[in-house]
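Asks: Following this message is one structure expressed as structure tokens.
The values are calculated or read from the model by the stated rules, or taken from the named source; none is laboratory data. What you are looking at is a predicted structure, and each value in this text was computed from that prediction instead of being measured. All Cβ positions, glycine included, derive from the backbone under ideal geometry; neighbour counts span all protein chains shown. The protein model used for the area step is the full one, side chains on, heavy atoms only, and it has no ligands, DNA or RNA in it. Shrake-Rupley method; radii C 1.70, N 1.55, O 1.52, S 1.80 Å.
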Amino acid sequence: MEHINKHQAFKDEKSIHTDFKEKMTYSDYLGLDTLLSSQHPLSDHHDEMLFITIHHVSEIWMKLILHEINSAISDIQSDNLSTSFKKLARVSQIQEQLKNVWNVLATLTPSEYIEFRDKLGNASGFQSYQNRLIEFALGYKTEYVLKIYEKNPELHQMLKEAHKAPSLYDVSIQALARAGLPIDEEVLNRDVSIAHKPNESVKKAWMTVYKNVDQYWELYELAEELVDIEDLFQQWRFRHMKTVERIIGFKIGTGGSGGVSYLKKVLDQYFFPELWELRTEL
Ligand code: HEM
């Protein structure tokens, strides 16, 4: 057996591609030069690399979430619900990964973080524009945050457009209406740059879906995909809040908020309120 393995290893060594003068390598394809040269600690402290890496990993996952959600929005708009499910399920799996980064970050102790925290100045995850794009795509439209991005006109424009675009929940409600479920006109024609407010006709429509699962199977599946995403988003927020408490206690944030008190407050925010309300009434 060992003889066969050695023989195979020898064959592999001979056949593996090693001449890349004219060909694209793994690193070229993935742009690894840029990716792996983007970590620039501002202190000499060993643990700053962890801090930067956690943020980079999170931002890369967020990029994929946006790619999937925006595509799912188009699918739902064109009544391709089943195509959207694969993408929304992928979003949930990415959120699981995002949630797990807190376990790695929790290895950073308060004594370690304090060594380089002042180097961050006013930089804070609060300014993560991808996080805002995800919130906008899910329907949480906070206009005041747009000001942060004014110093970069291209980025500012992109955020303004995302802020005005219909969210995943808006297009899901439109899909309810197209399936013949009565939705108030004021909801269907609403200004989508404002966060959705709980509405009785929307709740009734989702209730009909949950009470007639066989008849509305696709809408039912859509609803549960949305609930998965919101549930995981809240779990991410909770783990963020608790990890922050573990590392900085109740100090104010580098972004200027009250810190943990602010992070606790955002836990009260809902993306898809009727989908949660109906559970009490069903
Ligand atoms: C030691 C690590 C961390 C600490 C102490 C921390 C602390 C905070 C605090 C206090 C805030 C509130 C805004 C402020 O005043 O700054 C905040 C917001 C935020 N942080 Fe972190 N954070 C940490 C790691 C991370 C990581 C790894 C991410 C991943 C991208 C992240 C993403 C965010 C986001 C998206 C917000 C905005 C939340 C919202 O407005 O709902 N943070 N963070």
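Asks: Among the numbered criteria (1) in contact (Cβ under 8 Å) with a residue 12 or more places away in the chain; (2) within 16 Å of the ligand (Cβ to nearest atom); (3) not hydroxyl-bearing (Ser, Thr, Tyr), which one does Leu176 miss?
Replies: Here Leu176 clears every test but (2).
Asks: Does Glu230 satisfy being more than 16 Å from the ligand (Cβ to nearest atom), over 22 Å from Asn122 (Cα atoms) and either at pLDDT below 95 or part of a helix (DSSP H, G or I) (or both)? Steps first, answer last, please.
Replies: On the way: more than 16 Å from the ligand (Cβ to nearest atom): no; over 22 Å from Asn122 (Cα atoms): yes; either at pLDDT below 95 or part of a helix (DSSP H, G or I) (or both): yes.
No; evaluated as a whole, the condition is false for this residue.
Asks: Also: Do you know which residues across the range 153-173 are open to solvent by less than 70 Å² (accessible area, probe 1.4 Å) and more than 24 Å from Leu98 (Cα to Cα)? Let's see the steps before the verdict.
Replies: From the range 153-173, those open to solvent by less than 70 Å² (accessible area, probe 1.4 Å) are 155-156, 159, 162-163, 165-173; that's our starting set.
His156, Ala165, Pro166, Asp170, Val171, Ser172, Ile173, listed by residue number.
Asks: Another question, if that's okay. Can you work out which of the residues in the range 8-65 that are of a type in the set (D, E, K, R) and within 16 Å of the ligand (Cβ to nearest atom) is most open to solvent (accessible area, probe 1.4 Å)? Full working, then the answer.
Replies: In the first step, residues of the range 8-65 are kept if they are of a type in the set (D, E, K, R); the result is 11-14, 19, 21-23, 28, 33, 44, 47-48, 59, 63.
Those still in the list that are within 16 Å of the ligand (Cβ to nearest atom) too: 47-48, 59, 63.
Numbers: Asp47: 27, Glu48: 6, Glu59: 58, Lys63: 135 Å².
Among them, the one singled out is Lys63.
Asks: Continuing with this model, one more query. Are any of the residues in the range 83-99 of a type in the set (S, T, N, Q), more than 27 Å from Ala137 (Cβ to Cβ) and within 13 Å of the ligand (Cβ to nearest atom)?
Replies: Within the range 83-99, the subset of a type in the set (S, T, N, Q) is 83-84, 92-93, 95, 97.
Pick out the ones that are also more than 27 Å from Ala137 (Cβ to Cβ) and you get none.
The answer is no; no qualifying residue exists.
Asks: Thr243 - would you say it is touching a residue at least 12 places away in the same chain (Cβ under 8 Å) and either surrounded by fewer than 17 Cβ atoms within 10 Å (Cβ to Cβ) or not in a helix (DSSP H, G or I) (or both)? Before you say what the answer is, go through the steps one by one.
Replies: Working: touching a residue at least 12 places away in the same chain (Cβ under 8 Å): yes; either surrounded by fewer than 17 Cβ atoms within 10 Å (Cβ to Cβ) or not in a helix (DSSP H, G or I) (or both): no.
When the stated conditions are applied, Thr243 does not pass them.
Asks: Of all the residues that make up the range 121-139, how many are within 9 Å of the ligand (Cβ to nearest atom) and part of a loop (DSSP other than H, G, I, E, B)?
Replies: 4
Asks: For the range 1-97, please list each of the helices (runs of 4 or more DSSP H) lying entirely inside it that holds at least 2 residues being touching a residue at least 24 places away in the same chain (Cβ under 8 Å). Write out each step before concluding.
Replies: Values: elements: 2-15, 26-30, 32-36, 48-77.
It comes to 48-77.
Asks: Within the range 136-152, restricting attention to residues that are within 15 Å of Asp191 (Cβ to Cβ), in contact with a His (Cβ under 8 Å, 6 or more places away or on another chain) and not charged (D, E, K, R), which residue is surrounded by the fewest Cβ atoms within 10 Å (Cβ to Cβ)?
Replies: This residue is Gly139.
Asks: Scan the range 201-209 and tell me whether some residue there is hydroxyl-bearing (Ser, Thr, Tyr), without any contact (Cβ under 8 Å) to a residue 60 or more places away in the chain, part of a helix (DSSP H, G or I) and open to solvent by less than 30 Å² (accessible area, probe 1.4 Å). Reasoning before the result, please.
Replies: Step one: of the range 201-209, the residues hydroxyl-bearing (Ser, Thr, Tyr) are 201, 208.
Still in the list and also without any contact (Cβ under 8 Å) to a residue 60 or more places away in the chain: 201, 208.
Retained after the next criterion (residues that are part of a helix (DSSP H, G or I)): 201, 208.
Add one more test, that the residue is open to solvent by less than 30 Å² (accessible area, probe 1.4 Å), and what stays is 201.
Yes, that holds for at least one residue.
Asks: Being assigned to a loop (DSSP other than H, G, I, E, B), more than 16 Å from Val171 (Cα to Cα) and either within 12 Å of the ligand (Cβ to nearest atom) or free of Cβ contacts under 8 Å to residues at least 60 places away in the same chain (or both) is the requirement here; does Asp214 meet it?
Replies: Details: assigned to a loop (DSSP other than H, G, I, E, B): yes; more than 16 Å from Val171 (Cα to Cα): yes; either within 12 Å of the ligand (Cβ to nearest atom) or free of Cβ contacts under 8 Å to residues at least 60 places away in the same chain (or both): yes.
For Asp214, the condition - assigned to a loop (DSSP other than H, G, I, E, B), more than 16 Å from Val171 (Cα to Cα) and either within 12 Å of the ligand (Cβ to nearest atom) or free of Cβ contacts under 8 Å to residues at least 60 places away in the same chain (or both) - is met.
Asks: Which condition does Val101 not pass, out of (1) crowded, with 16+ Cβ neighbours inside 10 Å; (2) under 23 Å from Ala165 (Cβ atoms); (3) β-branched (Val, Ile, Thr), if it passes all the others?
Replies: All conditions are met except number (2).
Asks: Further question: Checking Arg237 against (1) over 21 Å from the mean Cα position of the chain (by Cα); (2) near the ligand (Cβ under 9 Å from one of its atoms); (3) under 24 Å from Val104 (Cα atoms), which single condition isn't satisfied?
Replies: Condition (1) is where Arg237 drops out.
Asks: Which of the following residues is of a type outside the set (Gly, Ala, Ser), under 22 Å from Trp61 (Cα atoms) and open to solvent by less than 20 Å² (accessible area, probe 1.4 Å): Val266, Val227? Quick ask: steps written out before the conclusion?
Replies: On the way: Val266 fails: open to solvent by less than 20 Å² (accessible area, probe 1.4 Å).
Only one candidate passes the filter, namely Val227.
Asks: Now for a different question. Could you please tell me which pairs satisfy a Cβ distance under 8 Å, a separation of 6+ or placement on different chains, a first residue in the range 257-270 that is more than 7 Å from the ligand (Cβ to nearest atom) and among the hydroxyl-bearing types (Ser, Thr, Tyr), and a second residue that is at pLDDT 95 or above and in a loop (DSSP other than H, G, I, E, B)?
Replies: Ser261/Phe250
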